[in-house]
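Here's the structure we're looking at; comments come further down.
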Amino acid sequence: MSETSFIKGLYLVATPIGNLGDISERAIDVLTHADLIACEDTRNTKKLLNLLGITGKNLTAYHEHNADQARPKILERLRNGTMIALVSDAGTPLISDPGYRLVQNCIDQNIYVTAIPGASAVLTALQLSGLPSHRFLFEGFLPAKTTARKKELALLANIPATMIFYESPQRLQETLTDMIEILGNRSAAVVRELTKKFEQTVRGSLSELSDYYDKNGAPKGEIVIVVAPAEQKEATSEEITALLKEALKTMRLKQAAAEVAEKTGESKTKLYQMALALKNDSE
């Protein structure tokens, strides 16, 4: 791809989370031709660029502590026709960082924005956990203080989705203990050092994981905790009928059956027959 092929604007560039081989050719091309690279930590990004053989680039810091001051300057350069790449220290930008505000401003000001996909610790940990992946919630870092952490977990306790958290090694044991108390002893996985030499996934119940780290000590490296969804209570026939009636107000039979099946775990075929009977009765 030649330099003239690039539209001036903001490029959200995913970088490796550990293994340098995960960088894409497209990402390298964008980083090579960008007029400016906005990054979480200029030192880390400079190391990455050196490893990729990219030199002489202009870097500027853009992170949660300076975003409000740095964003207007970046937007001004974008309005003046600059090609800017936004990267985080590792992985996909906007995941647990302030980049989304910059993207919002670009959209509001009709500035070109595109994404260069790549590595993501969130999705990689979900894949390795072995837990349900059809519906998930990324919560980022929980509060550092126990009281606030428990309060946040209580808000998440009944969500019917696999939950993904970032955590520090020093707080892992405390967080697992609070999860057992608030969420119950669910299946979970602790994934660390993704794509690196000492990558590890420990799977089991939350209590088993707590016992494991109590015995082996706090792990090293960057950590992702993946926790199974809340167990859904089996719906009664009355509840299922009510859900079908509500769904049939706005959906066709097949769609209504699929919607209620997703919520209750009942067979789509059985629900379709129930929905058909309800429709015939109403007519």
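Bear in mind these aren't lab numbers, they're just calculated from the coordinates by the rules spelled out. Quick caveat, the model's predicted, so the values are computed rather than measured. Every residue, glycine as well, gets a Cβ built from its backbone with ideal geometry; the counts of neighbours run over all protein chains shown.
With a 10 Å cut-off between alpha carbons and a GNM built on the chain, which of 247, 119, 154 moves the most? Answer for the Gaussian network model of the chain: 247. Among the trypsin sites (Lys or Arg not before Pro) found in the stretch 206-283, those both in a DSSP coil and sparsely packed, with 16 or fewer other Cβ atoms within 10 Å of their Cβ, are 220, 233, 249, 252. Straight Cα distances below 21 angstrom link residue 249 to the lysines 263, 268, 270, 279, with same-chain residues fewer than 8 positions distant left out. Running Debye on the stretch 36-180 with equal point scatterers at the Cα sites and no solvent, what base-10 log of I(q)/I(0) appears at q = 0.14, 0.19 Å⁻¹? Debye intensities relative to I(0), on a log10 scale: -0.84, -1.19.
Taking the longest Cα principal axis of the chain as reference, the axis of helix 42-52 is set at about 80 degrees. Of the beta bridges in the stretch 122-227, as assigned by DSSP with both residues counted there, near 75 percent are antiparallel.
Only helical runs count toward this figure. For the chain, summing -39,500 (n - 2.57) over DSSP H runs of n ≥ 4 and dividing by all residues gives -13500 deg cm²/dmol at 222 nm.
Across all directions, the shadow cast by the convex hull of the stretch 135-283 built on its C-alpha atoms averages 11.0 square nanometres. Measuring r between the beta carbons of residue 135 and residue 182 and using R0 = 25 Å, the FRET efficiency lands at 0.80. What the Cα convex hull of the stretch 237-282 gives, in volume per residue, is 60 Å³. Largest mean-square fluctuation among 166, 213, 11, in a Gaussian network model of the chain whose springs join Cα atoms under 10 Å apart, belongs to 213.
In this calculation the C-beta distance from residue 230 to residue 146 is compared with R0 = 22 Å, giving a FRET efficiency of 0.55.
Three principal axis extents of the chain based on alpha-carbon atoms, in descending order, are 71, 56, 33 Å.
Nearest 5 percent is fine: what portion of the DSSP beta bridges confined to the chain is antiparallel? Just about 45 percent of them are antiparallel.
When the C-alpha to C-alpha distance is required to be over 23 Å, the pairs from 151/215; 196/220; 8/57; 46/73 that qualify are 151/215.
Largest GNM mean-square fluctuation among 48, 253, 194, using the chain with Cα springs under 10 Å: 253. Just so you know, the averaged projected area of the alpha carbon convex hull for the stretch 7-119 sits at 6.2 nm².
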